[in-house]
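> Here it is: the structure, laid out below.
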Amino acid sequence: MALEILKQGAEGRLYLGEFKGESCLIKERFVKKYRHPELDTQITRQRMKAEVKAAGRCLAAGILAPRILHSDLTGHKLYMEYFGSAQTAKQYIQETVAKSTDEQAKQSLEELCTSIGGIIGRMHANNIIHGDLTTSNILINPNSNSSSSYDVIFIDFGLSHYNQATEDKGVDLYVLERALLSTHSEQPYLFEHILAAYRKECGKDEDAVLAKFEEVRARGRKRTMIG
Amino acid sequence: MVCALGIEGSANKIGVGIINDGKVLANVRRTYITPPGEGFLPKETAKHHREAILALVQASLKEAQLKPSDLDVICYTKGPGMAPPLLVGAIVARTLSLLWKKPLLGVNHCIGHIEMGRLITGAQNPIVLYVSGGNTQVIAYSNKRYRIFGETIDIAVGNCLDRFARIIKLSNDPSPGYNIEQLAKQGQHYIKLPYVVKGMDVSFSGILSHIEELAEPGKRRNKRKKQQDEPEPDYSQADLCYSLQETIFAMLVEITERAMAHCESNEVLIVGGVGCNERLQEMMRIMCEERNGKLFAIDERYCIDNGLMIAHAGAEMFSAGTQMPLEDAFVTQRYRTDEVLVNWRQD
């Protein structure tokens with residue numbers, strides 16, 4: 001069966017395929033020749049397993065994520081649910097900014113950020129650490145049944161893990177803040193809305209996580225950077 | 001035509017370089033080398049620099065066959081770095097500027113590395129991996145700034161290597177990283193170490209603690225749990241060096257590749273002291289070949305801190321019209337790469 005390549009990323013290829021009659025997305029990870037073979041196998045397996053586990057945990061907690069239909073550890077392939085009409089949050093933000101006035105854009109992006117922040121809060125309340133929060137890893141899927149006209153779906157759980165430590169949650173938020181700063185430097189207000197919504201949903205450790213987040217931000221040599 | 005003299009002294013290297021219109025005229029350097037097992041401390045490093053710098057300035061002028069009146073601008077490293085050694089360079093630069101009546105410019109150390117790398121390799125708009133004893137950053141240029149896409153969230157990669165070299169008492173001559181690289185070539189066994197990538201960022205402190213325990217079994221482990229019948233380790237120091245390099249370099253190559261995919265770029269430039277490690281260059285080259293990209297790397301003359309890179313970046317700033325009043329000629333330990341407005345690039 002000839003498979004259609006949808007996207008080629010840094011770590012793998014995405015194909016459109018089929019599993020037991022259901023059309024699905026196939027995510028294949030490459031062997032990285034620059035890595036020691038043992039390390040490469042370890043990383044690939046670890047990330048595939050992380051992806052399967054986290055997606056399961058999210059769905060169990062009522063958080064939208066692609067369902068994993070089948071995992072082929074030896075072939076480095078994951079078969080998962082495909083959202084054909086979705087776009088990434090990165091595209092959505094850029095399009096919104098391009099086609100509406102500043103005020104309108106700000107309002108609709110605020111709504112988006114509120115729901116992104118709420119979902120991250122719920123993930124953390126369930127001790128799911130995404131590990132690679134960027135706007136490329138968040139999908140906006142049109143849905144006429146829901147109240148907000150779209151669903152927000154998190155993808156790419158390869159770097160995720162399960163941990164209740166405030167350190168990991170703080171770093172997760174920090175990674176997102178940095179990604180927003182480098183990708184959407186013209187919309188500096190995004191992160192504060194995400195954080196406000198996050199605080200409402202992230203559970204009992206709210207203050208501890210926020211304190212840790214501030215600590216990670218300011219951490220030692222990060223800002224000093226001795227040459 | 002700009003003829004610039006640059007003074008660099010942000011860490012344990014003190015260097016003076018002279019560049020004339022992109023042509024290298026002189027590049028001299030002295031390194032403060034500490035005994036095995038010891039790092040360099042600010043006060044002693046500054047003393048070393050004070051004793052070396054005047055001879056280096058004279059040597060550079062002699063090598064370039066220039067008189068002070070032939071220079072257009074005096075440049076020095078403004079930061080980031082250790083304050084006492086930085087001050088040595090700044091004070092000498094200020095004095096020379098007043099004495100020879102030449103304009104003075106303070107240069108960001110990281111920008112110096114990037115511009116030097118671009119000049120030597122001819123890379124136009126690469127993703128830059130800047131790896132040294134104090135910095136670990138993945139940088140891409142956009143809209144008049146060098147923006148930081150990924151970086152270390154704790155210690156720098158070179159710091160991790162240096163401190164490991166101290167633990168196993170490797171020589172600091174010519175540099176701890178070089179000696180780790182040589183010893184790693186004899187490594188046979190790959191030992192599993194933590195592999196820590198967080199989004200586009202990396203972390204090295206946990207790896208250092210882990211390998212510290214492997215290198216000195218008993219010293220730390222006994223504090224946590226008593227295991228009398230634990231077997232003697234069946235790995236050598238060479239194995240540890242080899243495994244450490246394989247692990248941390250794979251992390252660096254991975255975040256560089258992510259930045260390439262993110263920015264849709266096909267060029268990579270490696271700068272900074274760790275950048276002259278040939279295993280890192282080899283791994284990066286393999287990654288680039290797999291993506292049909294191109295690697296630009298430079299050797300230790302330009303990779304390791306040097307005065308020439310400060311002269312070159314200063315010359316670029318000078319030709320773009322940047323001026324600095326004397327009262328701004330201070331040094332700063334904190335000076336982010338993305339704070340500098342890159343007014344000399346037109347793209």
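What follows is calculated from the coordinates using simple rules that are stated; it is not laboratory data. If you're wondering where the values come from, they're calculated on a predicted model, not measured in any experiment. Methodologically, a virtual Cβ is constructed for each residue, glycine included, from the backbone with ideal geometry; neighbour enumeration extends over all protein chains shown.
> B:Asp21 to B:Ala261: extension gain in nm, 0.36 nm per residue of separation minus the Cα-Cα distance?
The span from B:Asp21 to B:Ala261 would gain 82.9 nm if fully extended.
> Label points 7 Å out from Cα along the Cβ direction at A:Glu186 and A:Ser148: separation in nm?
Label-label distance for A:Glu186 and A:Ser148, simple model: 2.3 nm.
> Among A:Ile129, A:Ile43, A:Ile119, which one shows the biggest mean-square fluctuation in a GNM of chain A, springs joining Cα atoms closer than 10 Å?
Per the Cα network of chain A with a 10 Å cutoff, A:Ile43 tops the list.
> Taking trypsin sites (Lys or Arg not before Pro) as candidate sites, keep only those in a DSSP loop with at most 10 other Cβ atoms within 10 Å, then name the longest stretch of chain A containing none of them.
Within chain A, the longest run free of exposed trypsin sites (Lys or Arg not before Pro) spans A:21-203.
> What number, in percent, do you get for the relative contact order of the stretch B:125-302 if the mean sequence gap of Cα pairs under 8 Å and at least 6 apart is divided by its residue count?
Rounded, it is 28 percent for the stretch B:125-302.
> Can you give me the distance in nm between label points at A:Gln42 and B:Lys185, each placed 7 Å from the Cα along the Cα-to-Cβ direction?
So the label points at A:Gln42 and B:Lys185 sit 2.5 nm apart.
> Rounded, prolate or oblate, given the Cα gyration tensor of the stretch A:4-80, with a/c below 1.5 counting as rounded?
Taking the square roots of the gyration eigenvalues as a ≥ b ≥ c, the stretch A:4-80 is oblate.
> Over the stretch B:9-146, how many pairs of lysines fall under 19 Å by alpha carbon, counting only those 8 or more apart in sequence or from different chains?
Going through the stretch B:9-146 pair by pair, I get 11.
> Please give the net charge around B:Lys294, taking every other residue with its beta carbon less than 13 angstrom from that of B:Lys294, where Lys and Arg add +1 and Asp and Glu add -1.
So the environment of B:Lys294 carries a net charge of -1.
> Now a separate question. Dipole magnitude of chain A about its Cα centre, charges +1 at Lys/Arg Cβ and -1 at Asp/Glu Cβ only, in debye to the nearest 20?
Computed about the Cα centre, the dipole is about 780 debye.
> As a test of the formula, what do you get for chain B when each DSSP H run with n ≥ 4 contributes -39,500 (n - 2.57) and the sum is divided by the residue count, at 222 nm and rounded to the nearest 500 deg cm²/dmol?
-13500 deg cm²/dmol
> Now a separate question. Quick test of the membrane-span-like rule: which DSSP H helices of chain A reach at least 27 Å along their long axis (C-alpha atoms) with mean Kyte hydropathy at least -1.0?
Those that clear 27 Å and a mean of -1.0 are A:37-60, A:102-125.
> Could you tell me which GluC sites (Glu not before Pro) in the stretch B:1-79 are loop residues by DSSP with no more than 14 other beta carbons within 10 angstrom of their beta carbon?
The qualifying sites are B:Glu38.
> Then there is this: How high is the relative contact order of chain B, in percent, with contacts defined as C-alpha pairs under 8 Å that are six or more residues apart?
This gives 27 percent for chain B.
> Counting other C-beta atoms within 10 Å, which of B:Met317, B:Met309 has the fewest, and how do the rest follow?
B:Met317, B:Met309
> Going 7 Å from the Cα of A:Lys200 in the Cα-to-Cβ direction, what parts of the stretch A:115-149 have a backbone nitrogen less than 17 Å from that spot?
Backbone N within reach: A:115-125, A:147-149.
> Could I ask something else about it? Inside 10 Å of the C-beta atoms of A:7-13, what's the mean count of C-beta atoms belonging to other chains?
The shielding value for this peptide is 3.
> Taking a ≥ b ≥ c as the square roots of the Cα gyration tensor eigenvalues, with a/c under 1.5 meaning rounded and otherwise prolate when a/b beats b/c, else oblate, which class fits the stretch B:54-192?
Since a/c reaches 1.5 and a/b is larger than b/c, the shape of the stretch B:54-192 is classed as prolate.
> How far is helix B:109-121 tilted off the main Cα axis of chain B, in degrees rounded to 10, range 0 to 90?
Here the helix axis deviates by roughly 90 degrees.
> Mean separation of Cα pairs under 8 Å and 6+ residues apart, divided by the residue count of the stretch B:242-322: what relative contact order is that in percent?
Worked out over the stretch B:242-322, it gives 29 percent.
> Relative to the Cα centre, what is the charge dipole magnitude of the protein assembly as shown, using +1 at the beta carbon of each Lys and Arg, -1 at the beta carbon of each Asp and Glu, and rounding to the nearest 20 debye?
920 debye
> Next question, about the same structure. Hey, what angle do you get for helix B:83-100 against the long axis of chain B, alpha-carbon based, 0 to 90 degrees rounded to 10?
20 degrees
> Ignore the peptide's own chain and count Cβ atoms of other chains within 10 Å of each Cβ in A:176-184; give me the average, rounded.
If you average over the peptide's residues, the count of other-chain Cβ atoms is 4.
> Within the set of other residues whose C-beta is less than 11 Å from the C-beta of B:Ile74, count the net charge using Lys and Arg as +1 and Asp and Glu as -1.
+2
> Hey, another quick one. How would you rank B:Phe149, B:Phe40, going from fewest to most other Cβ atoms within 10 Å of each one's own Cβ?
Least to most surrounded, the residues fall as B:Phe40, B:Phe149.
> From the Cα gyration tensor of chain A, with a ≥ b ≥ c the square roots of its eigenvalues, which class applies: rounded if a/c is under 1.5, or else prolate if a/b is larger than b/c, or else oblate?
The shape class here is oblate.
> Taking other Cβ within 10 Å of each residue's Cβ, how do A:His70, A:His130 sort, fewest first?
By the 10 Å Cβ count, ascending: A:His70, A:His130.
> Please go through the residue pairs A:Lys200/B:Lys198; A:Lys20/A:Lys90; A:Lys49/B:Lys198 and name each one whose alpha carbons sit more than 22 Å apart in this structure.
A:Lys200/B:Lys198; A:Lys20/A:Lys90
> So which residue, out of B:Ala250, B:Ala320, B:Ala156, gets the largest mean-square fluctuation from a GNM of chain B using Cα contacts under 10 Å as springs?
Highest fluctuation of the listed residues: B:Ala320.
> Now for a different question. Pick from B:Ser132, B:Ser205, B:Ser142: which residue has the top mean-square fluctuation in a GNM of chain B where Cα pairs under 10 Å get a spring?
Residue with maximal mean-square fluctuation among B:Ser132, B:Ser205, B:Ser142: B:Ser142.
> Another question, if that's okay. What angle, in degrees between 0 and 90 and rounded to the nearest 10, separates the Cα long axis of helix B:237-263 from the longest principal axis of the Cα atoms of chain B?
Compared with the principal axis, the helix lies near 60 degrees.
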